[in-house]
């Protein structure tokens, strides 16, 4: 699977995974695909909520891997 950016937030607790994700995505063009690695249990709620609020597409998660397409 091709991604334009991988963000490692393993070991970070809420809200740090989403804050790191937002910062790293800022300079990406619309349509870029991002893989976030996060093991914080709150990420299951925080990442889809962040995507909805920011206009990104949450493409799903598999364990500790979250896929996002920048809006």
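Quick notes on this structure:
- Relative to the longest principal axis of the Cα atoms of the chain, the long axis of helix 43-54 makes an angle of roughly 30 degrees.
- Computed from Cα atoms, the angle from the helix 16-25 axis to the main principal axis of the chain rounds to 10 degrees.
- A compact globular protein would have a Cα radius of gyration near 2.2 N^0.38 Å; the ratio found for the chain is 0.95.
- For a modelled paramagnetic label at residue 69, 7 Å from Cα along Cα-to-Cβ, the residues of region 32-54 in reach, with backbone nitrogen under 17 Å, are 32-36, 48, 51-54.
- Computed over region 31-71, the convex hull of the alpha-carbon atoms projects to a mean area of 2.4 nm².
- Between residue 27 and residue 14, the contour length at 0.36 nm per residue exceeds the alpha carbon distance by 2.4 nm.
Quick note: the coordinates plus some simple rules give every number you see, no bench work behind them. The shown structure was predicted, so the numbers you read here are calculated from the model rather than taken from an experiment. All Cβ positions, even for glycine, are placed from backbone atoms using ideal geometry, and neighbour counts span all protein chains on display.
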